[in-house]
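Take a look at the structure set out below.
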Number of protein chains: 2
Amino acid sequence: MRLALAIDLGGTNIRAAVVDDTGNILHRADKSTPARQGAPAVVAAIADAAAQALAQASYPSIAGMCVCSPGPLDTITGVPLGVSTIDGFDQFPLRDELQKALGQKVWLENDGIAACIGEWKQGAGKGYQSVVYMTVSTGVGGGVVVDGHVLRGRRGMAGHVGHLAILADGKRCYCGNPGCLEAYACGPAFADRAREKAALAPQSSLHAQATKLEPHDVFAASMQGDALATELVAEEARYLGIGITSLLHLYSPEVVIIGGGLSNSFDQLAPGITAYVQANAMKPYRDVPILKAALAGNSGLIGAAELVFATGA
Amino acid sequence: MRLALAIDLGGTNIRAAVVDDTGNILHRADKSTPARQGAPAVVAAIADAAAQALAQASYPSIAGMCVCSPGPLDTITGVPLGVSTIDGFDQFPLRDELQKALGQKVWLENDGIAACIGEWKQGAGKGYQSVVYMTVSTGVGGGVVVDGHVLRGRRGMAGHVGHLAILADGKRCYCGNPGCLEAYACGPAFADRAREKAALAPQSSLHAQATKLEPHDVFAASMQGDALATELVAEEARYLGIGITSLLHLYSPEVVIIGGGLSNSFDQLAPGITAYVQANAMKPYRDVPILKAALAGNSGLIGAAELVFATGA
């Protein structure tokens, strides 16, 4: 059994794990991200989490270490290029500094691509050769495998599946591009629509708490039969369906996998997504299965470990 | 010197060529496509064009033969899945029937992917590892190479770069999907906008011929300083810029290459495309060069030949 150290770096938490080559997470250590304290503090916190996870491992050595981080980042040179959630990360030589702090070779990967690899190798995408993975939570990210090849592209920046314009005359995405899928389908956009509409709908069970609605409130109310909530869920599913229809035409995957916070309510979103794809995708693309991620919040960690094993580091 | 027989099948013409392994077209034979006479007539016409091209070749044999055709088509099984311009082609076993008619192995490839390969191996994309090729003419098609890998995906249907929804609440594409890039940026859509606006603009030089305007009329009038024509060119460039911005985020190419009829006016479109990308793409994607196709109308033929050489057929 081979082991890898995988680290999922987010704007809120750093999650370190020792993972085996069948996708089992054996040991874990989580820390909060010192996101406002500058890049060196984040490097130190990652090193700390890594040491804590490794201290629990009885095996004497690991095959390698991979850190996944939000993008865009240049994974060829190991440099973040605009991570909005962590101060001082833009152009910071993250991979080199991590290698110094940890005294070993470190792989750096986009978290969406890592999660895609995790689902492809050990999750819902197992056995397929072409996979689109999309995570829907604070943002919309992901990664893509085509013909057994993980798409990286120039500077390793391929697969930003949340940043295709679906309504180019519409609202500007935080990334700067008008009308991105992310601007409409991410959790906060869904919550904003819910708050706005619930405030104007006294007949809805969402009305009383309108100002502080979160996606899970809307899904729960829809389960109870609330008409506005059901309409909001259908609208969210439609946006996802629009994006997925384009992604089918662009990548021709054998399967589309949805992860991230909103995939907890996959069963409520799936009918609307599927209906949109069935009605609008070109006919030969309509029968592609759309599945829920199988590794829950661990797709990225398991994918990071798979990267270590695949590259023989 | 190796030779391949390449055939570019279109809704109007069948073009056959003997091509060498440096991208030179040595012999040609063109025929019109009997598009309304059923699939067997098309197969016979292809065989005829192939025989005419081969009859001019002094070399005794060719390395193989590749036919490229509009998609979507399943290039794994060699079956068209909805070619709208040729009657009786849907589900027709094109590759097998061609093999029977020609008595040899035949490769079938999507014409956009073949043209992408042509530009990548012998044209504007030479030396790059990640290339997006987009053809803008009657439709918007293309193909994609990422990390040196030609994207094919499920049933070989990846890279339909004209069929991402850029304005999903907008007009339905002929493919069925609302708001596709093709529905806004293809030649006929450009011509429709020109006709509509010119009819209402007596001050424009386009007004007199408003009902029969073609894209080349608009480009010519813009060169002469006509304000409406210049506005129409800018609008066309903006649609292309919207699509290309999304394609940069999705595939992260090192270069974007534009071919097809409208690329004859590439120099007039390029400033508007670049301005849109500069203003809206995520920062690390803004410096990707956008180039005119180098092989003019022969990208597909040369790419089809390259496919034969690459697969060692």
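Find out how many positive minus negative residues lie around B:ILE302, taking Lys and Arg as positive, Asp and Glu as negative, among other residues whose Cβ is under 13 Å from that of B:ILE302.
-3
Checking the a/c ratio against 1.5 first, then a/b against b/c, what shape does the Cα gyration tensor give for the protein assembly as shown?
Taking the square roots of the gyration eigenvalues as a ≥ b ≥ c, the protein assembly as shown is prolate.
How much net charge surrounds A:SER32 when only other residues with a Cβ under 14 Å from its Cβ are counted (Lys, Arg +1; Asp, Glu -1)?
0
Using only Cα atoms, tell me the angle between helix A:111-122 and the longest principal axis of chain A; keep it within 0 to 90° and round to the nearest 10.
Here the helix axis deviates by roughly 90 degrees.
I need the shape label for segment A:45-130. Rule: rounded when a/c is under 1.5, else prolate if a/b > b/c, else oblate, with a, b, c from the alpha carbon gyration tensor.
Details: a/c = 2.07, a/b = 1.06, b/c = 1.94.
It comes out oblate by the Cα gyration axes.
Mind checking the log10 I(q)/I(0) for segment A:228-305 at q = 0.23 Å⁻¹? Debye, one equal scatterer per Cα, no solvent, two decimals.
-1.06
Give, rounded to the nearest 20 debye, the magnitude of the charge dipole that chain A has about its Cα centre when Lys and Arg contribute +1 at Cβ and Asp and Glu contribute -1 at Cβ.
280 debye
Output the peptides A:223-231, B:38-46, B:105-113 sorted from most to least packed, where packing is the average of other Cβ atoms within 10 Å over each peptide's residues. Mind dumping the intermediate values first?
Values: A:223-231: 16.2, B:38-46: 18.3, B:105-113: 25.1.
Sorting A:223-231, B:38-46, B:105-113 by mean packing, highest first, produces B:105-113, B:38-46, A:223-231.
Scan around B:ILE14 for amide H atoms under 5 Å from its own, H built in the peptide plane at 1.01 Å from N, and keep only partners 5 or more places away or cross-chain.
HN-HN under 5 Å from B:ILE14: B:LYS31, B:SER32, B:THR33.
If you wrap chain A's Cα atoms in a convex hull and average its projection over all directions, what's the area in nm²?
With every direction weighted equally, the projected area is 16.3 nm².
Carbon and sulfur atoms: what percent of the 1.4 Å accessible area of chain A do they account for?
Numbers: 5850 of 11300 Å².
Result for chain A: 52 percent of the exposed heavy-atom area is carbon or sulfur.
What is the average number of partner chain Cβ atoms found within 10 Å of a Cβ in A:273-281?
Neighbouring Cβ atoms belonging to other protein chains average 2 per residue here.
Take peptides B:277-284, B:153-160 and line them up by average Cβ neighbours within 10 Å, highest first, as a rough protection proxy.
B:153-160, B:277-284
Compute the Cα gyration tensor for segment A:126-200, then decide on rounded, prolate or oblate, letting a ≥ b ≥ c be the square roots of its eigenvalues: rounded whenever a/c is under 1.5, prolate when a/b is larger than b/c in the other cases, and oblate in all that remain. Intermediate results must be reported in sequence, preceding the final value.
Numbers: a/c = 3.29, a/b = 1.94, b/c = 1.70.
It is prolate, given that a/c is not under 1.5 and a/b is the larger ratio.
Where Lys and Arg each count +1 and Asp and Glu each count -1, what net charge lies around B:TYR184 among other residues with Cβ under 14 Å from its Cβ?
Net of charged neighbours comes to -3.
Rolling a 1.4 Å sphere over the protein heavy atoms, what is the accessible area per residue of the protein assembly as shown, to the nearest Å²?
Details: 22610 Å² over 626 residues.
Normalised by residue count, the accessible surface of the protein assembly as shown is 36 Å².
Taking both sides together, what accessible area is buried at the B/A interface, probe 1.4 Å, expressed in Å² and rounded to the nearest 100?
3900 Å²
Beta carbons within 10 angstrom, averaged per residue: use that to sort the peptides A:243-251, B:263-271, highest first.
For the peptides A:243-251, B:263-271, the packing ranking is A:243-251, B:263-271.
Each residue of segment A:43-52 in order: what ³J(HN,Hα) in whole Hz does its phi give by Karplus 6.51 cos²θ - 1.76 cosθ + 1.60, θ = phi - 60°, with x for Gly and Pro?
Residue by residue, segment A:43-52 yields 4, 4, 5, 4, 4, 5, 4, 4, 4, 5 Hz.
Search the structure for amide H atoms under 5 Å from the amide H of B:LEU26, placed 1.01 Å from N in the peptide plane, and list their residues when 5 or more places away or on another chain.
Amide H to amide H, under 5 Å and 5 or more residues apart or across chains, B:LEU26 pairs with B:VAL18, B:VAL19, B:ASP20.
The values are calculated or read from the model by the stated rules, or taken from the named source; none is laboratory data. Predicted, not measured: the structure shown is a model, and the values here were computed from it. Glycine gets a Cβ as well: all are built from the backbone with ideal geometry, and neighbour counts include every protein chain shown. Calculation scope for accessible area: heavy atoms of the full protein, side chains included, ligands and nucleic acids excluded. Shrake-Rupley method; radii C 1.70, N 1.55, O 1.52, S 1.80 Å.
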